[in-house]
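> Pasting a structure below so you can have a look.
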Amino acid sequence: MPKSFFYPLLEDPFRKKDLDKAIEVIKTGKLTIGKHTKKFEKVFTKKIKTKFSLMVNSGSSANLLALQCLINPYRKKRLERGDSVLIPTVCWSTSLWPIIQSGLNPVFVDIDPVTLNIDLKDLEKKINKRTKALLLVHVLGNSTNMNQLMKILRKKNIILIEDTCESLGSKYKNKYLGTFGEFSSFSFYSSHQISSGEGGMITCRNLEDYEILKALRSHGWSRGLKSEKNISKKNRHLDSRFIFYNSGFNLRPTDISASIGLSQFNDMNNFISLRNKNRNLIVNSLKKNKVISEKFYFVEANKNVKPSWFGIPIYIKNKKNRKKFIQNIEKKGIETRPIISGNFIRQPSVKKYKLINKAKFFNSDIVNDHGFFIGLPTKKINNIFVNRIIKAFEQSI
Ligand SMILES: Cc1ncc(COP(=O)(O)O)c(C=O)c1O
């Protein structure tokens, strides 16, 4: 394995101006959640065209808050212990675990190998009386047919949570992913479309949920809630500054990460178009090569999706060659990884928690056994770089 890849999964995502913003915050000495976090939330809400946004310390925390909000006693319409939540088998660990951590029952749905996203036919088959929500994952910037999905969910009265951690900036029919559901999560971890080091955002549609999420994010405190004054009036026996109105976690970001996140978010459109240009240049060049195009299949954006690509997902047609190919190409300096985490039900944690019996998910196995992805450079690339990639592919088959 080479010490450094010429084409890594992850580049240093920060520009001087992002770090300067962080340094300005550090110099004020006010590092904890504050005005920079509020500003980022406001700008994010406006740009994405959502109703309410709260910054958190990771995309995982955003998923946890969404599920915890759904079971919260302050929520009028809430989920009960044992209710079912649908989730695609190609998901991230912390798309799944908040369902279990919230006392709910995950029901796995297979995916469509062409889009890598949830298979709507299998989804319909898995719905029953206990199905109350869907934790949808938008994979690597791509998406399912959102019109058809929303029709199914509306008909069956199923709540949608969109895990948009890999797809910030992608649109379905000109509407941002992450604005279809009741809750959406976003991640600003370092390999994502924008980065704040660690960080994420949770969005929701109404004030009731916003107030619950805000309290849960910060110890269950009444501080900063719209209802803070009312709560303290009803609890005159308590110090109004220390009222714990709800259950809680501490999932707050720092103002340092908020300032970096906002600096990057302000340039999101440029980042997306550069990533997409790089993606098209690399994929089109690989496809033009006869040997490579015979042996590999490149995942394209689904119909009506204007993608904000996270990486470049690829299938090797002969699964027997996958392992050797991955070893070879990494030796040649191109870093790879599974598509999210492959078929998640094959992970030991799923077996340990006995989440699945013998059910088969054929399409997720295809992703697992044939799929991998390479990164997406965030700076302009040239033909020398692209030729090096082609050569590495040719020599690794
Ligand atoms: C689909 C998905 N959901 C959630 C997360 C978690 O985000 P974070 O790393 O910010 O906790 C990730 C991480 O990349 C992800 O890919």
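Laboratory data are not the source of any read-out in this text; all were calculated from the coordinates shown. Everything numeric here is computed off the predicted structure, so don't read it as measured data. Note that each Cβ is placed from the backbone with ideal geometry, even for glycine, and that neighbours are counted across all protein chains shown.
> To test your reading of the geometry: what angle, between 0 and 90 degrees and rounded to tens, separates the Cα axis of helix 268-288 from the longest principal axis of the chain?
So the inclination is approximately 20 degrees.
> So for region 268-396, averaging the separation of alpha carbon pairs under 8 Å that are six or more residues apart and normalising by length, what relative contact order in percent results?
It rounds to 37 percent for region 268-396.
> Still on this structure: Taking the Cβ of ASN343 as the center, what net charge do the other residues with Cβ under 11 Å away carry, scoring Lys and Arg +1 and Asp and Glu -1?
-1
> Using each residue's phi in region 142-149, evaluate 6.51 cos²θ - 1.76 cosθ + 1.60 at θ = phi - 60° and report the 3J(HN,Hα) Karplus result to the nearest Hz, with x for Gly and Pro.
9, 8, 7, 6, 5, 4, 5, 4
> What is the ratio of the Cα radius of gyration of the chain to 2.2 N^0.38 Å, where N is its residue count, to two decimals?
Relative to the rule-of-thumb radius for its length, the chain sits at 1.02.
> For LYS27, what is the net charge nearby, where nearby means another residue's Cβ is under 14 Å from its Cβ and Lys, Arg count +1, Asp, Glu -1?
-1
> Just want the ordering: ILE272, ILE111, from fewest to most Cβ atoms lying within 10 Å of their own Cβ.
With the fewest neighbours first, ILE272, ILE111 line up as ILE272, ILE111.
> In addition: Cα axis of helix 35-48 to longest principal axis of the chain: angle in degrees, 0 to 90, nearest 10?
60
> I'd like the distance between the alpha-carbon centres of region 1-72 and region 140-165, rounded to an integer number of Å.
Here the two parts' Cα centres lie 25 Å apart.
> Would you look at the GNM of the chain, springs on alpha carbons closer than 10 Å, and say which of SER227, SER263, SER196 moves the most?
SER227
> If you don't mind, another one. Which of the peptides 144-151, 174-181 is most tightly packed, and how do the rest follow, judged by the mean count of other Cβ atoms within 10 Å per residue?
174-181, 144-151
> Further, regarding this structure: Can you sort TRP309, TRP221, TRP97 by how many other beta carbons sit within 10 Å, fewest first?
Sorted ascending by nearby Cβ count, the order is TRP97, TRP221, TRP309.
> Grab the other residues whose beta carbon is less than 13 angstrom from that of ASN105, score K and R as +1, D and E as -1, and report the net.
+4
> If you don't mind, another one. Using Cα atoms only, what is the angle between the long axis of helix 59-70 and the major principal axis of the chain, expressed in degrees (0 to 90) to the nearest 10?
50
> Turning to a different aspect of this structure: How far apart, in nm, are two points set 7 Å out from the Cα along the Cα-to-Cβ line at GLU330 and at ARG205?
4.3
> Using +1 at the Cβ of each Lys and Arg and -1 at the Cβ of each Asp and Glu in the chain, identify which of ILE194, LEU274, ASN117 lies farthest towards the dipole's positive end.
ASN117
> Just tell me which lysines come within less than 28 Å, Cα to Cα, of LYS229; anything on the same chain fewer than 8 places away is out.
LYS30, LYS35, LYS38, LYS39, LYS42, LYS46, LYS51, LYS76, LYS77, LYS214
> Sum -39500 (n - 2.57) across every DSSP H segment of at least 4 residues in the chain, then divide by the residue count to get the 222 nm mean residue ellipticity, nearest 500.
Only helices count here, giving -12000 deg cm²/dmol.
> Same structure again: Would you mind working out the magnitude of the charge dipole of the chain relative to its Cα centre, with +1 at each Lys and Arg C-beta and -1 at each Asp and Glu C-beta, to the nearest 20 Debye?
540
> Right, something else. What does region 268-396 give for Rg and for Dmax, in Å, if only its C-alpha atoms count?
16.2, 50
> So, with +1 on the Cβ of K and R and -1 on the Cβ of D and E, and no other charges, what is the size of the charge dipole of region 210-332 about its Cα centre, to the nearest 20 debye?
Rounded to the nearest 20 debye, it is 720 debye.
> Find the centroid of the Cα atoms in region 190-243 and in region 316-386, then give the distance between the two in whole Å.
A separation of 38 Å, based on Cα centres.
> Hey, can you grab everything whose amide H is under 5 Å from the amide H of ILE111? Only 5+ residues off in sequence or another chain; H modelled, so Pro and N-termini drop out.
Residues meeting the amide H criterion: THR89, ASP119, ASN363, SER364.
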